[in-house]
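**Q** Sending over a structure as structure tokens; questions will come in a sec.
Nothing in this text is a laboratory measurement; each read-out follows from the coordinates by a stated rule. Predicted model, so just to flag it, every value in this text is computed and none were measured. As a convention, Cβ positions derive from the backbone with ideal geometry for all residues, glycine included, and neighbour counts pool all protein chains shown.
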Amino acid sequence: MSLFLVNVLLALAWSAVTGVFSFGNLAFGFVLAMGVLSLIREQVGSVGYFSRTRRVVSLALLFIYELILSAWRVAILVLSPRMDLKPGIFAYPLKVDRDFEITLLANMITLTPGTLSVDVSDDRRILFVHAIDASTPDQTRRDIAEGFERKIMEAFR
Amino acid sequence: MTIALTLLSAAFVLIGALFALVASIGLLRLPDLYSRMHAASKAGTVGSGLLLIALAIHAGEAGVMARALAGVIFFLLTAPISAHLLAKAAYAVGYRLGPTAVRDEMASTVEEQTSGSI
């Protein structure tokens, strides 16, 4: 996280030196600072910073892809003349345990195809998820565990 | 270039409006509150997000773009939370799943909790 701060400071320095504090110039400075940091990554110990950035970006891309897919699936479902629904609530045992990670996972589950998080148990070990198609809960559980939960753990641990 | 951008933002407006329409049809057609939240949270978020992105493309101005993108991010953050809260509140006051439901693994846990607290 401190390297992220260094990165931001370098971007500010770039803007100060060039004298232009526009959004585009700040973003360019950020990318430039990232390049500089990647040149000296062995010396400042920022190897982890870059692989983490890559994992956060890959999590964000996966999320956007799943969001578009899920809106599309809802559209198909809603517009089909005969809605064949098997809704239900199933319990999902959580592996992540920090508040921040649970919130992120619950939000992502809500915005992905066919699932909606309803509640977290008091001991924070079980997430209750409502699914449009709850006929194969084991399959859905495996998808969440190997998709978002694994990616969240990779990105933030 | 300008024509391409205009066409692109027009396409985003159309697609976004279609998703908003689908979300509202879903609210009418789906059987119970929980299924309806699926339509409202997903198609609704994507619909309004696309409209905001169309605005960002059309304005072509850094300030407007930044605000539109911030709007998209806040939508992504808040829509699932309100869906989650509505579903949780509905469950807490005893609104159960519709007749087509195939399973409800939450029922046993909630009964245990309420009987324990009394």
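**Q** In whole angstrom, how long is each semi-axis of the equivalent ellipsoid of chain A, when you take the square root of 5 times every eigenvalue of its Cα gyration tensor and sort them from largest down?
**A** Over the Cα atoms of chain A, the semi-axes work out to 40, 19, 12 Å.
**Q** Another question about this same structure. Report the calculated FRET efficiency for B:Ala66 and A:Asp138 (r = Cβ-Cβ distance, R0 = 30 Å), to the nearest 0.05.
**A** For R0 = 30 Å, the calculated efficiency reads 0.10.
**Q** Given Cβ point charges of +1 (Lys, Arg) and -1 (Asp, Glu) and nothing else, what value in debye, to the nearest 20, does the dipole of the protein assembly as shown about its Cα centre take?
**A** 440
**Q** Let me ask something else. Roughly how big is chain A's charge dipole about its Cα centre, with Cβ charges of +1 (Lys, Arg) and -1 (Asp, Glu), in debye to the nearest 20?
**A** That gives a dipole near 300 debye.
**Q** A follow-up question, please. Using a/c under 1.5 as the rounded threshold, could you call the protein assembly as shown rounded, prolate or oblate? The axes a ≥ b ≥ c are square roots of the C-alpha gyration tensor eigenvalues, and prolate needs a/b larger than b/c, oblate otherwise.
**A** It is oblate, given that a/c is not under 1.5 and a/b is not larger than b/c.
**Q** Also: Report the relative contact order of chain B, percent, no decimals, based on alpha-carbon pairs under 8 angstrom and at least 6 residues apart.
**A** 25
**Q** I would also like to ask the following. Apply the Karplus curve 6.51 cos²θ - 1.76 cosθ + 1.60, θ = phi - 60°, to the phi angles in the stretch A:62-79 and return the couplings in whole Hz, x for Gly and Pro.
**A** Listing the rounded values in order: 4, 5, 5, 4, 5, 5, 5, 4, 6, 5, 4, 5, 4, 4, 4, 4, 5, 8 Hz.
**Q** Enumerate the calculated ³J(HN,Hα) couplings along the stretch A:128-145 in order (Karplus 6.51 cos²θ - 1.76 cosθ + 1.60, θ = phi - 60°), each rounded to whole Hz, writing x wherever the residue is Gly or Pro.
**A** So the J values, rounded to whole Hz, are 8, 10, 8, 10, 5, 10, 9, 6, 10, x, 4, 4, 5, 4, 5, 4, 5, 5.
**Q** Would you pull out the residues with amide H under 5 Å of B:Asp104's amide H, same chain only if 5 or more places away, H placed 1.01 Å from N?
**A** HN-HN under 5 Å from B:Asp104: A:Ile89.
**Q** Work out how much length A:Phe21 to A:Val6 would gain on full extension: take 0.36 nm times their residue separation and subtract the Cα-Cα distance, in nm to one decimal.
**A** Here the segment from A:Phe21 to A:Val6 would lengthen by 3.6 nm.
**Q** Report the Cα centroid-to-centroid distance between the stretch A:82-101 and the stretch A:1-78 in angstrom, as an integer.
**A** 30
**Q** Okay, moving on. How far is it, in nm, from the label point at B:Leu8 to the one at A:Lys86 when both lie 7 Å from their Cα along the line to the Cβ?
**A** Going by the 7 Å Cα→Cβ label model, 4.3 nm.
**Q** Determine the percent antiparallel among the DSSP beta bridges restricted to the protein assembly as shown, to the nearest 5.
**A** That works out to approximately 80 percent antiparallel.
**Q** Counting Lys and Arg as +1 and Asp and Glu as -1, what is the net charge of the other residues whose Cβ lies under 9 Å from the Cβ of A:Arg55?
**A** Result for the neighbourhood of A:Arg55: +2.
**Q** Okay, moving on. Taking amide H atoms as placed 1.01 Å from N in the peptide plane, list the residues 5 or more away in sequence, or in a different chain, whose amide H sits under 5 Å from that of A:Ile126.
**A** A:Leu94, A:Ser121
**Q** Note down the nm distance, to one decimal, between modelled labels 7 Å out along Cα→Cβ at A:Tyr65 and at A:Val31.
**A** 2.3
**Q** Mind listing P(r) for the stretch A:2-45? All alpha-carbon pairs, 10 Å bins, whole percents.
**A** Spelled out per bin, shortest first, that is 33, 51, 14, 1.
**Q** I would also like to ask the following. Between B:Ala101, B:Leu85, B:Thr6, whose Cα lies farthest towards the positive end of the dipole of chain B when Lys and Arg beta carbons carry +1 and Asp and Glu beta carbons carry -1, centred on the Cα centre?
**A** Checked the options; the winner is B:Thr6.
**Q** Taking loop as defined by DSSP and a crowding limit of 16 other beta carbons within 10 Å, which GluC sites (Glu not before Pro) in the stretch B:21-113 fit?
**A** Those that pass, being in a loop and sparsely packed, are B:Glu61, B:Glu105.
**Q** So what are the ³J(HN,Hα) numbers for the stretch B:36-47, from phi and the Karplus equation (6.51, -1.76, 1.60; θ = phi - 60°), rounded to whole Hz, Gly and Pro as x?
**A** Working through the residues one at a time gives 5, 4, 4, 5, 5, 6, 8, 4, x, 5, 5, x Hz.
**Q** Say the dipole of the stretch A:49-138 comes from +1 at the beta carbon of Lys and Arg and -1 at that of Asp and Glu; which of A:Val74, A:Tyr49, A:Ile126 then lies farthest toward its positive end?
**A** Checking the options against the dipole of the stretch A:49-138, the answer is A:Tyr49.
**Q** Let me ask something additional. Given a 10 angstrom Cα cut-off, can you work out which residue in A:Thr53, A:Thr136, A:Thr112 is the most mobile in a GNM of chain A?
**A** Of A:Thr53, A:Thr136, A:Thr112, the most mobile in the Gaussian network model is A:Thr136.
**Q** Okay, moving on. In whole percent, what relative contact order does chain A give with Cα contacts below 8 Å and a gap of six or more residues?
**A** Relative contact order here is 22 percent.
**Q** Compute the helix-to-body angle for A:23-39: its Cα long axis versus the longest principal axis of chain A, expressed 0 to 90° and rounded to tens.
**A** Computed tilt is about 80 degrees.
**Q** Within 14 Å, Cβ to Cβ, of A:Asn7, how many net charges do the neighbouring residues add up to if Lys/Arg are +1 and Asp/Glu are -1?
**A** +2
**Q** Now a separate question. Placing +1 at every Lys and Arg Cβ and -1 at every Asp and Glu Cβ, with all other atoms neutral, what dipole size does the stretch A:89-136 have around its Cα centre, in debye to the nearest 20?
**A** 100
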